[in-house]
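The values are calculated or read from the model by the stated rules, or taken from the named source; none is laboratory data. Computed from a prediction, not measured in an experiment: that's the story for all the values here. Heads up, the Cβs are rebuilt from the backbone with ideal geometry, glycines too, and the neighbour counts pull from every protein chain shown.
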Amino acid sequence: MNYAIEVQNAWKIYRQRLLEVQALRGLSLKAKPGEMIAITGPSGSGKSTLLHLLGALDTPSKGSVKILGQDISKMSDNQLATFRRQQLGFVFQFFNLLPTLTAQENAALPLLLDGVPRSTALQNADRLLQRVGLGDRLQHRPDELSGGQQQRVALARALVAEPKLLLADEPTGNLDSKASETVLNLLEELRQETQITMILVTHDDRVAARAKRNLHLIDGQIAEDRRRPKNNGDSP
Ligand SMILES: Nc1ncnc2c1ncn2[C@@H]1O[C@H](COP(=O)(O)OP(=O)(O)O)[C@@H](O)[C@H]1O
Ligand SMILES: [Mg+2]
């Protein structure tokens, strides 16, 4: 079995001058391609730290993290940056769009940074923006869009380079319930269409209920790894 994610006994220790924080304490996790996993847990339990490892934004202090078959501890910073740009997509709570760029340019950014010709990059961004229902907003700047629309631009940007793994940290944390619903429906549809693996951090149980598999973190360890028998979008 080729796992999309294979974490073995990972520790993350933040060392400050006098203090050492064990943010992850011997965590192991395997995820199959195409899985959607929601990660929940109290504040400070290590959710963001884990997401940073899974997003190759950081490396473990001990143990191993393999993403799409690659051991991220064995890669240089440059290799990690290229790997992230080409294989991973990120969605954040606060959208993180560039304010001076249009929706289309924002969505095209990963391709532009990767040296894809501008016309091709913009064409692909156009296609993704159509897919998330923003075909009539290509030339709008972020401040001319609602929060839900901005998050859909961010989703288009995250998927434009056709990554195999999408990481989302509180993607609906800043949206009202209707916009959250739209974004969650899109995530699920796009996962089914592309067979992308999705990892979603949330403190919202209704959001977590949308994923078939829920990991609950406590004190840097997986306290519960639960699979839901059915995932029809309803509350459990
Ligand atoms: N860069 C850092 N330096 C020191 N401590 C950190 C750093 N990042 C996170 N921590 C600590 O690690 C623990 C886990 O943090 P985090 O992964 O952000 O938890 P969560 O996302 O679940 O709220 C917390 O105790 C936090 O204070
Ligand atoms: Mg966090």
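Does R227 satisfy the condition of being closer than 27 Å to G63 by Cα and modelled with pLDDT under 95?
Criteria met by R227.
Can you spot a residue in region 8-28 that is buried (at least 21 other Cβ atoms within 10 Å of the Cβ) and farther than 24 Å from D219 by Cβ?
no
From (1) touching a residue at least 24 places away in the same chain (Cβ under 8 Å); (2) assigned to a strand (DSSP E or B); (3) within 16 Å of ligand 2 (Cβ to nearest atom), pick out the condition that doesn't hold for Q8.
Going through the list (1) touching a residue at least 24 places away in the same chain (Cβ under 8 Å); (2) assigned to a strand (DSSP E or B); (3) within 16 Å of ligand 2 (Cβ to nearest atom), Q8 breaks only (3).
For region 169-206, name all the residues that are within 16 Å of ligand 2 (Cβ to nearest atom) and among the aliphatic types (A, V, I, L, M). Lay out the reasoning, then the answer.
Taking region 169-206 first, the residues within 16 Å of ligand 2 (Cβ to nearest atom) are 169-174, 199-204.
Scanning region 169-206 gives I199, L200, V201.
If L159 satisfies all but one of (1) in contact (Cβ under 8 Å) with a residue 40 or more places away in the chain; (2) out of contact with any strand residue (DSSP E or B) (no Cβ under 8 Å at 6 or more places or on another chain), what's the number of the condition it fails?
Unmet condition: (2).
Report, ordered by the first and then the second residue, all pairs with beta carbons closer than 8 Å, sequence separation of six or more or different chains, a first member in region 50-67 that is among the β-branched types (V, I, T), and a second member that is part of a loop (DSSP other than H, G, I, E, B) and surrounded by fewer than 20 Cβ atoms within 10 Å (Cβ to Cβ).
V65/T59
Just one of K74, K66 is over 23 Å from L184 (Cα atoms), in contact with a Phe, Trp or Tyr (Cβ under 8 Å, 6 or more places away or on another chain) and not acidic (D, E); which is it?
The unique qualifying residue is K66.
Tell me the strands (runs of 3 or more DSSP E) entirely within region 133-236 that contain at least 2 residues that are under 14 Å from the mean Cα position of the chain (by Cα). Even if it seems obvious, please write down each step before you answer.
On the way: elements: 165-169, 197-201, 213-218, 221-227.
The qualifying strands (runs of 3 or more DSSP E) are 165-169, 197-201.
In region 12-34, which residues are within 12 Å of ligand 1 (Cβ to nearest atom), in a strand (DSSP E or B) and over 21 Å from the mean Cα position of the chain (by Cα)?
I13, Y14, R15, E20, V21, Q22, R25
Give me the residue from region 15-47 that is of a type in the set (S, T, Y), within 26 Å of G173 (Cα to Cα) and at pLDDT 95 or above and, out of that set, farthest from ligand 2 (Cβ to nearest atom).
T40
Conditions first: (1) more than 16 Å from ligand 2 (Cβ to nearest atom); (2) at pLDDT below 95. V65 passes all but one, so which condition is the exception?
V65 satisfies every listed condition except (2).
Given T102, T120, which one is among the β-branched types (V, I, T) and surrounded by 15 or more Cβ atoms within 10 Å (Cβ to Cβ)? Let's see the steps before the verdict.
Values: T120 fails: surrounded by 15 or more Cβ atoms within 10 Å (Cβ to Cβ).
Criteria check complete, one pass: T102.
Quick one: in region 43-100, which of the residues that are farther than 30 Å from E144 by Cβ and of a type in the set (D, E, K, R) is nearest to the chain's Cα centre (by Cα)?
Of everything passing the filter in region 43-100, K47 is nearest to the chain's Cα centre (by Cα).
With the structure loaded, tell me whether I218 is within 16 Å of ligand 2 (Cβ to nearest atom), among the hydrophobic types (A, V, I, L, M, F, W, C) and touching a Gly at 6+ places or on another chain (Cβ under 7 Å) or whether it fails that test.
yes
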